[in-house]
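I have placed the structure first, in the form of structure tokens, so that the comments after it can refer back to it.
The values are calculated or read from the model by the stated rules, or taken from the named source; none is laboratory data. Fair warning: this is a prediction, and the values are worked out from it, not measured in the lab. Cβ sites come from the backbone with ideal geometry, for glycine too, and all protein chains shown count toward neighbours.
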Amino acid sequence: MITLDVGLGERSYPLLIEEGCLRKVGSDLAERRIANYYCVIADSRVAGLYGESLLGSLTEAGIHAELLQFPQGEASKTLQTVGELASQLARKGFGRKDGLIALGGGVTGDITGFLASSYMRGIPFIQIPTTLLAQVDSSVGGKTGVDIPEGKNLVGAFYQPRVVYIDMQVLSTLPREEFLNGLAEVIKYGVIRDHEFLKFLEKHHRRILDLDPQLLETIIHTCCKIKAEIVAADEREADLRRILNFGHTIGHAVEAASEFSILHGNAVAIGMVAAARISVAKGLLSGEEADWIRSIITTFGLPTEVPEKLDREAIKTYLLTDKKTVSGRVFYVLPTSMDRMIITDEVSDIQVDDVLK
């Protein structure tokens, strides 16, 4: 088992990475004694795949647990879903010494984390990510939240989990498009922090796409290590952590303008290419480096262009309501070379229009 620590003082927690570790969650939580009882939160698909298995592991360890589920998809990531789950917890008698377990992808982690941060003014929660995107990114760092009509993740909180269990084995049931969706975030880590990792991804792309277990472990470990270091240095996104938003400014706007029909990772892939093009236009990045970023994204079957059918004005409207916008100024994370990023609001409307064409 690989163990990484997210160093946040009293809020520090471990990331446990091991194939098959889902079966060990019950015995491990019994030793940690984080909560008296647990409620497992999962979407309708993941509940059917792994809900009973996890409940069995908890029961065998002498831990009482129940399962609550919600409809699969980004459309469920709302205040209404959080409210409905909170009501069910209250009716079942869950209190301040009980905890939640997020079993699923990024949507489940965001919903469960936000619910945990607010129910009884805060109860502990555990992350068990079941998608590649959640395993390498969203399950680590404590960002929680839901969408509202005006934009993505606009209501939420920084609230850290107590432990994260990452089991590569569950990726075998992940739909192909969801696996590719997660690879966008993997590529992001290479661009912002480790261009040697980008070379590794490029060299081994065929085996990665074939779900080679050893390579998946290496990828997950590398991404989690990078994110854990960044989060430990800047938990609440005051400075350094903002580089994790590479590709997300335009990406979130594209995602919202598509009414979330475009998957998050696909939107981020489009956003990364757009950000690289803006960097070239501003003289910050060479055309060759931008082409390399685009080439790697293409190699993994991810999109690089904003779909023609999307309303460009709608995208620009969503840019103005993004969390990264301050006093009407839209901030972009732009690469200046491999491993080096800047955060700037000095991007003209013309430059944005050019990359949206």
Practice prompt. Find all pairs meeting these conditions: Cβ atoms under 8 angstrom apart; at least six residues apart or on different chains; first residue within region 292-309 and in the same structural domain as Gly182 (by TED's automatic domain parsing) and at positive phi; second residue among the hydrophobic types (A, V, I, L, M, F, W, C) and surrounded by 16 or more Cβ atoms within 10 Å (Cβ to Cβ).
Written response: Gly301/Leu180; Gly301/Leu209
Item to complete: Filter region 154-180 down to the residues that are aliphatic (A, V, I, L, M) and not in a strand (DSSP E or B), then identify the one that is surrounded by the most Cβ atoms within 10 Å (Cβ to Cβ).
Response: Val170
Fill in: One residue from Ala253, Ala269, Ala275 being under 24 Å from Ala134 (Cα atoms), in contact with a strand residue (DSSP E or B) (Cβ under 7 Å, 6 or more places away or on another chain) and surrounded by 24 or more Cβ atoms within 10 Å (Cβ to Cβ)
Ala275
Discussion item. Out of Thr321, Thr344, Thr325, I need the residue that is without any contact (Cβ under 8 Å) to a residue 24 or more places away in the chain, at negative phi and within 21 Å of the chain's Cα centre (by Cα). Which one?
Written reply: Thr325
Response to the item:
A careful count of residues in region 261-283 that are part of a helix (DSSP H, G or I) and either touching a Ser or Thr at 6+ places or on another chain (Cβ under 7 Å) or within 12 Å of Leu334 (Cβ to Cβ) (or both) gives 13
Response to the item:
When Glu19 is run through (1) at pLDDT 95 or above; (2) more than 27 Å from Val82 (Cβ to Cβ), the failure sits at (1)
Item to complete: Select from region 186-204 the residues that are buried (at least 17 other Cβ atoms within 10 Å of the Cβ) and among the acidic types (Asp, Glu) and list them in ascending order.
Response: Asp194
Response to the item:
Filtering region 122-153 down to residues that are part of a loop (DSSP other than H, G, I, E, B) and not β-branched (Val, Ile, Thr) yields Gly122, Pro124, Ser139, Gly141, Gly142, Pro149, Glu150
Worksheet item: In region 143-153, what residues are acidic (Asp, Glu) and surrounded by fewer than 20 Cβ atoms within 10 Å (Cβ to Cβ)?
Response: Glu150
Response to the item:
Pairs returned, first residue in region 221-232 that is more than 19 Å from Glu18 (Cβ to Cβ), second residue that is among the aromatic types (Phe, Trp, Tyr), beta-carbon separation under 9 angstrom, 6 or more apart or interchain, are Ile226/Tyr189; Ile226/Phe197
